[in-house]
Each structure stands twice: as structure tokens, then as C-alpha cells.
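Worksheet for the structure shown next.
Please treat every number below as a calculation from the coordinates, not as lab data. Computed from a predicted structure; not experimentally measured. So basically every Cβ, Gly included, is an ideal-geometry build from the backbone, and we count neighbours across all protein chains shown.
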Amino acid sequence: MLYRRAGIRHTDYASDRELFPIPADRIAILALLALALLAPLIFSSLTVSSYLTPWLVWVSATLGLNLIIGWAGQFHFGYAAVMGIGAYTTVHAYKAGLPWEIAAVLGGLMATVIGVLFAFAALRVKGLYLALSTLALQFVMDWVISHVPAISGGVSATLQAPAMSLLGQRIASDSGLYYVALGWALLVTLFMLNLRRTALGRALVAVREKDYAAAVIGVQAFRYKLVAFATSSFIGGVSGAMLIFCFYHAVTPEQFAVNVSIELLAMVIVGGLASIIGSWFGAAFILLAPSQIHAFIAWAAKLVGADIGIETLAHLPYAVYGGMIILFLLVEPMGLGKLYGNMRNYLMVWPFGYARK
Amino acid sequence: MDLMYLLELAINGAMSGLMYSLVAMGIVLIYKSSSVPNLAQGALTMVGAYVVLAFANGAGLPMWAAIPLAMLTMMGVGMGIERVALRRLAGRPIVMILMMTLGLDIFLRAVTLVVGGGTARPLDIGISNDPLFLGPLLLNRAYLVGAVVALGLFAVFVFFFRTRRGVVLRAIADDYMASWAVGISVERGVALSWALSSLVATAAGVLWGSIQGVDQSLSLLLLKGITVAVLGGMDSLGGAILAGIALGVIEAVASGVLDPLLGGGTRELVVALVLILTIMIRPHGLFGRHDIERL
């Protein structure tokens, strides 16, 4: 019972390639799923709408970005712009009277088209220069979104998003929006889990490791980079739409500015490159850390009777957040996903440590 | 749109462009020695300006003493960053290094705001606000001083790279493995380049701070600095100077012409477009080395 691998013998290929071959994992996943489904009953409405829902949406966006950075090994410093395009397209399409599902897919497709534009940068240069060109494209997109009145309604305008409806059902309650976000996050997670064991996933990894080597074994780097950018842009576009409809309820250009791109990048790095569970952890960490640190510092200051100015209190969480990124890169460059993996590997065979492969 | 107006824009643009070169030179110095694209250079510029203010207002020193002291402090800060954060990342994938410099950027900015406060404050280095008349053209005195300082620092670097220590830095830039093999301390050279870069950043911070006030927006010079650095070639100091002039002129003239047409805010757009076009057409920049990996 303690040795969780005991008695697991794969007798055919199908069982060997299961997503979760170890029963302990399956039980844990089912328990977590049950918890996720019951969350609106367990937690307060405030917790669900202001912590859990945005977390799930950011998880899906982080997974999309991880696809391009972690799996395909291509930089993307403009992911927020791609999300913004999806969000704006969906809002406009939905306002024009299309069903919500079609509007969201349309948003994803529009983001794909623009995302492939980013890919053309990736086809010419790589490394630092790719990073800089996507960063510059983010600035261009920001400018276009905020300065074209047909998209954003003019500089510093806010576009209200009407309440969404899914399959003809109007969804306005906090728990309803939570379930929509949960469904999307699970869908993306499932896609990513399966991506790892498909030819596409292996081709992406081959391109990441060395593109000439990939070319030698017959993987067209050109094609797979395009596919990677297109897929991750689609995920990003729909996630952007989810972010607006499930969480913000209104869309402004600042929600998709360059600092959001960097925050997403931080989620991927802190979570761990090419780590799915890491993306869940990373999004939670970066999203929740600043407000928690803020609350903690305010509480600690009150406890010792120190008087911290409002300005100091406002900036201190960002110092801690920057410090965390630095610390992670120095101590555990593969992020929280790797930390979890280490712990899991240890517990998997505990107390028979010598049985580890 | 008459020609005189455009000429005035171009000349003032060229001078402000030389001030972008100050930021770019910092990026180039570090990239040359260690191939680290320093995205924290904007934050370093901001920190430099705050340190000068701390010496001038906090300790009550006169400006001529505060600036050199701040430069010395910043050299220490730069070497510290290199020692603590970047030396351990040597040889890691570039995504880690880029993320580290971004993390440093966030960290430095936030710490500076925590310590120094976020409200914009003036930094007076005694340049009058009156325009300088050159025939019919109005020149901005602050930009002129900035341009002169940028050119002066460039001249200092040209001489510095002929000294013994400068030759060591050039050797490291050329091939650090070979430098290691002949007994050059690459670590010390890289630390020196960080110190020099922080020194330049302080100069940039003081000059820009005297123009637009000292606050968080100083760190936004990063985009312009990195554009100039890429346009000039990431490893060419002379390129940084010429590209600075070029970007300044393009930015001033293009935004002067486009702003009335497109309703303002085109400066960032023009800079971003220059960056994209440079990377698409000539990724190694005007004077950079050609060994950039591409597909």
C-alpha cells in the first residue's frame, strides 16, 4: 500500500501509455475534480469569483504560452496582445449578435491569424532577436488596439461585455462563470496532456532541442513553428475572451498591455518550462502572491506596530514578486513543477527509497 | 509642414537620440562582454537617478559631489547584480537569462519606489530651460548637454578600450574561451563591464531625470535603448551612437508628421516599428558582427 507502484505491470501498449498509469494518481485526480466541482458550494462566492475563476483562466493562458515557450522553444513576449485580440474580437462578435460559442471560436481564430504574424518573426530569427521582435509587436498591437476606435472605442475607452450565454443558457452567476472557466482550463489541460504523446508534441520538442537536428530526422522546423504559434494563439485568444466574460466583464487596452505579457512569462518560468502541473502552480503563485504578500505585510506591520506608508505598501509586493522570479531562477530554474516532481518521486517509493529507478 | 520645422525636429531629435545612446551603450557594454541582453538597463537608469537624488536631497550634497558619488555607488550595485544574479546563470538557456534580467527590472523598480517613493520629483542640474537659438532654429539646451555628455562618454570609452584593461575587455568580447585559456579573468572583466554600464546608466538617469523629472517612467527608456542597441548592432559602441542619432531623427520627424494625422502617441509605435524592421531586415544591425544565428 505504501509502495504506490506495487503491482502495476503493463501488459499491453495501451495501458503503458495511459495518461495516469498509477492508481494513486487517478484517485488524486478524481478527488481534485470532485473538489473543483463542489468548490462553489464549499467556498464563499467572493473566493470563487475573485480567486478561483481568474486563476483557472490564467492557467489556460499560461498553458497556451507554455506550449510555445516550453514545448516549441520559441520566445513569445507578446502573448497578452494575442489574448487581447481574442477578447476584443469575441466581444464585438457577440455584440453583433453571434452566439457566444461561435464568437469565442471566432476570437480564437482571429488571434490565430495575428499570432501567425508573430510566427513570421520566429521563422527568420531566434533567441534574443525573436524575443525582442515579439516584444515590439506587442507594442504595435497595443497601439493599434487603443488607437483604432473601431476596436477599442477610442483611447482609454472601456467596452462593456454583455453577460455570456452558453448553449442558449444565460450565465451570470459567479458559480456559473466558474464552471465555464473550469471547463476551459480542463479542456486545455487535457489537450496539453495528450499533446505530449502525439507526433505533433514530439516534433515540437525536436524543434526546441535543435532545429537542424529536427530537420535531419525529417521534421520541418518551419511548419511546426507555425503550427505551434497558431495553436498557442488560439488557446490564448479564447483564454482572453474567457478572461473578459468570466472575470473582468469589460475590456480595456490596459488589460492586455506589455506588463501582462511579462506576468504571463513569469507564470511560465515560475511554474516550470514544459510542465503542465507547473503551469497550474505558476499561475496561482504569480496571481495570488502579490495580494497575499500585501495582506501579510499589512498584517505584520500592524502586529509590530510599525507604520508603513501606503506608497511603500503598494510597491513592496512587486519587489517581493521580482525577488521571487530571481530566486526561482537561481535556486530551481525548472520551477514549481520540478519541485513538485521531486517531492512526488520521493513519496512515490517512500519508504523504500532504494527502489527509485 | 515647412522644411525649417522638420529640420528643427530632426536636430532636436538627433540630440535626444544621442541620449538614448547612453542607455544603449550600457546594454552594448554588457552584451559585448557576456552576451547577456540586459533588459534591466532601464531600471538601472531609474535607480541611478534616484541615487543621485538621495545624495543631493537626502544627504544635502551639492550636485557636483552627488553625481560622482552616485556613479560610484551604482558601479557597486552593477557589480553586485552581476555577482549575485547573473554569474550563476552563465551557460544557461537564453530564456532563463532574459527572464532573470526582467525579474531584476521588476525588482529594482519596485525596491527603488519602496525606498524613494513614486511621486515625480525634479532633478535640477543647472541647465536653463530657455531655448538656444541657432539662426532660426530653436534648440533644447537640456538635449544639447545630453548629446555632448553622450559623445564625451563615447570618446572616453574609445580611449578606455586602448588601455590595458580595455584590451582585456575587448579580448573577452572577442572570444571568452580563448581569453580564459590565456589567463584573463573573464569574471572580473564581466564585472567591470557591469560597473561601466551602471556608470553610463547613472549618467543617462541624471540627464533624463533633469528633463522629465525622476519617477518610474525613466525605466521605460529600455525600449528605446534596446532599439538603438539592436539597430547599431548589439556589440558595437560606435553603432550605438550612430543608431541613436538615426532613431532620434526618425522618431522626432515621423511622430512630428504622424501625430497630427493619427491622433498622437506615435512615438512608441515608431520605435517599435524600427525595432521590428531592423530585426527582419538586418538582425545584426548596422555595425554588429554577422554571426547571428538565423534560419
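What shape does chain A have by the C-alpha gyration tensor, where a ≥ b ≥ c are the square roots of the eigenvalues, rounded means a/c under 1.5, and otherwise prolate means a/b greater than b/c and oblate the rest? Rounded, since a/c falls under 1.5. Restricting segment A:203-262 to trypsin sites (Lys or Arg not before Pro) that sit in a DSSP loop and have at most 10 other Cβ atoms within 10 Å of their own Cβ leaves nothing. Comparing A:21, A:99, A:290 in a Gaussian network model of chain A where C-alpha atoms under 10 Å apart are linked, the largest mean-square fluctuation is found at A:21. Using only side-chain charges placed at the Cβ, +1 for Lys and Arg and -1 for Asp and Glu, the dipole size of chain B relative to its Cα centre rounds to 860 debye.
In 10 Å bins starting at zero, report the fraction of Cα pairs in the protein assembly as shown per bin as a rounded %. Distribution as computed: 3, 14, 24, 26, 19, 10, 3, 1, 0, 0 percent.
Of A:38, A:182, A:336, which has the largest mean-square fluctuation in a 10 Å C-alpha GNM of chain A? Highest fluctuation among the options: A:38.
D by Stokes-Einstein for segment B:22-99, Kirkwood Rh over Cα pairs, 37 °C, 0.692 mPa s: 241 µm²/s.
By definition, a body whose alpha carbon gyration tensor gives a ≥ b ≥ c is oblate when a/c is 1.5 or more and a/b is not larger than b/c, and segment A:91-149 fits this oblate description. One Cα centroid belongs to segment B:49-74, the other to segment A:27-68; the line between them spans 50 Å.
Charging the Cβ of each Asp and Glu at -1 and of each Lys and Arg at +1, and nothing else, the dipole of the protein assembly as shown about its Cα centre rounds to 1980 debye. Counted without the sites themselves, the longest stretch of chain B free of trypsin sites (Lys or Arg not before Pro) in a DSSP loop having at most 16 other beta carbon atoms within 10 Å is B:1-161.
Sorted into 10 angstrom bins from 0, the C-alpha pair distances of segment B:150-268 split as 11, 34, 32, 15, 6, 1 percent. With Cα atoms as the point set, the radius of gyration and Dmax of segment A:203-251 evaluate to 16.0, 49 Å.
Put the Cα centre of segment A:108-159 next to the Cα centre of segment B:133-147 and the gap is 36 Å. Residue exposure proxy: A:231, B:119, A:62, B:202, ordered by other Cβ atoms within 10 angstrom of their Cβ from fewest to most, comes out as B:119, A:231, B:202, A:62. Rounded to two decimals, the Cα-based Rg/Rh of segment A:180-324, with Kirkwood Rh, is 1.09. For chain B, the share of alpha carbon pairs falling in successive 10 Å distance bins from zero is 7, 28, 36, 22, 7, 1, 0 percent.
In plain terms, the residue of A:350, A:55, B:194 with the fewest other Cβ atoms within 10 Å comes first and the most crowded comes last, giving A:350, A:55, B:194.
Give the shape of segment A:1-142 as rounded, prolate or oblate, defined through the alpha-carbon gyration tensor: a ≥ b ≥ c are the square roots of its eigenvalues, a/c under 1.5 means rounded, and otherwise the shape is prolate if a/b is larger than b/c and oblate if not. Note, shape of segment A:1-142 comes out oblate.
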